[in-house]
Amino acid sequence: MRSAQTVTVEQVRELALSLPRTHEALVRDRIKFRVGKIVYLSFSRDEELMGFAFPKEERAALVASEPEKFLMPVPSDERFNWVRVRVDAVTPAEMREIVVEAWRMVVPKRVAAAHLQGTGPSVVSTAPVADAPTLDGLRAAARVFNGFSNVDAGWLRFLETTGPAADLSRAGHRAALLRWLNSWGCRIRYPREGEPDLLDSGLAEWWRNRAADLPSVSLTVLSDGEIDVLSRAYAELAALPVATGRAARSLGPTAAAKALYGLRPRAVMPWDAAIAVRLHGSRDGAAFGAHLRMGRAWARAVLQAAGTDEDTLPLLAGRPSVSLAKVLDEYLYVTITMASQE
């Protein structure tokens with residue numbers, strides 16, 4: 001019997017068909033999703049495996065990094081930009097990243113940008129767009145997260161490697177950040193031997209320019225000016241190149257938000273695509289600023305209602321290993337991202 005967190009074909013179908021230019025086809029009893037004549041997702045007949053568009057020069061590293069999840073394509077597909085994933089081995093959040101990134105490979109950049117970031121100038125509200133969650137609501141979300149296998153293992157390894165604080169001037173800390181992001185569902189390429197590491201050099205330069213400005217306070221006491229700093233830092237991170245050429249891509253909005261959380265876990269409430277679009281209608285820097293302002297208002301409200309402090313609330317909610325900012329993000333993931341996949 002499938003658990004509530006197991007990905008289904010229906011969830012993938014709903015997401016894929018929401019992406020511009022996608023249509024579904026049934027070929028020899030196999031479900032496929034296409035843009036024009038290009039297939040970017042394809043299920044096996046038993047629906048236990050899903051092939052997806054992925055740069056072929058990067059797939060060996062992907063499979064080697066998580067062989068329990070990913071498989072090389074069948075021999076007849078090896079000439080294509082293609083790899084496979086075991087459907088029951090990934091979470092809904094991971095599957096969302098896989099599907100969206102595969103789709104991005106087969107549509108023009110302007111189409112992907114228009115869909116993922118919104119067309120035209122961002123118009124976002126600085127006021128909360130929803131009521132703050134209750135402590136009982138946070139506890140309910142925490143129970144879901146605690147049901148995920150080894151939910152905090154990657155985060156705790158990152159903290160152990162980078163303690164007492166991440167410092168991206170150190171190559172080991174940059175490598176740890178990349179490993180942690182990939183363990184959290186991001187699909188960021190590892191450079192091939194002899195190839196320039198664009199993300200590593202980009203992170204090092206970004207850190208030199210931004211580290212001194214990043215606020216070290218908690219979410220509840222962030223000033224508007226500090227939120228503006230984080231918004232600009234987020235936009236710069238999202239634009240950092242990961243690969244060039246035919247498979248050109250940037251770090252992207254979701255990984256940028258997660259990376260910023262990793263660097264400032266008490267201050268930054270991350271997001272994913274579903275949360276950003278549902279709450280703010282965009283994924284640009286202005287929208288991320290609105291997200292942090294909403295998180296600040298929520299944090300203050302829930303602390304006042306619970307009559308406790310920011311360090312104690314995660315323990316009361318049942319998530320003592322993470323910050324209040326992350327507890328709020330997990331609530332959004334359960335109530336928006338997971339709910340959208342049901």
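Read-outs: derived from the displayed coordinates by stated rules, not from any lab. Just so we're clear, the structure is a prediction, and the values are computed from it rather than from any experiment. Glycine also receives a Cβ, built like all others from the backbone with ideal geometry; neighbour counts cover every protein chain displayed.
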ask   = Which label marks the calculated value of volume of the Cα convex hull per residue in Å³, given the options (i) 135; (ii) 166; (iii) 243?
value = (i)
query = Under the definition of Cα pairs under 8 Å and six or more residues apart, what whole-number percent is the relative contact order of the chain?
reply = 17 percent
request  = Please give the peptides 49-60, 326-337 ranked by average Cβ packing (other Cβ atoms within 10 Å per residue), highest first, as a rough proxy for protection.
outcome  = 326-337, 49-60
ask   = Which residues' amide hydrogens lie under 5 Å from the amide hydrogen of Trp82, considering only partners 5 or more residues apart or on another chain, with H built in the peptide plane?
value = Phe54, Lys56
ask   = To the nearest 20 debye, what charge dipole does the chain have about its Cα centre, counting +1 at the Cβ of each Lys and Arg and -1 at the Cβ of each Asp and Glu?
value = 860 debye
key: For region 9-107, size of Cβ-based charge dipole, Lys and Arg +1, Asp and Glu -1, in debye   = 500 debye
Mean Cβ neighbour count within 10 Å, used as a protection proxy, ranking 263-274, 24-35, 176-187 highest first = 263-274, 176-187, 24-35
task = Work from the charge dipole of the chain (Cβ charges, +1 for Lys and Arg, -1 for Asp and Glu, about the Cα centre) and give the residue of Ala113, Ala286, Gly147 farthest towards its positive end.
result = Ala113
ask   = Calculated from DSSP H runs of 4 or more alone, at -39500 (n - 2.57) each and per residue, what is the 222 nm mean residue ellipticity of the chain, nearest 500?
value = -14000 deg cm²/dmol
message = Using a 10 Å cut-off around each Cβ, can you sort Lys109, Lys69 from fewest to most neighbouring Cβ atoms?
response = Lys109, Lys69
request  = Could you rank the peptides 158-166, 97-105 by their average count of other C-beta atoms within 10 Å per residue, with the highest value first?
outcome  = 97-105, 158-166
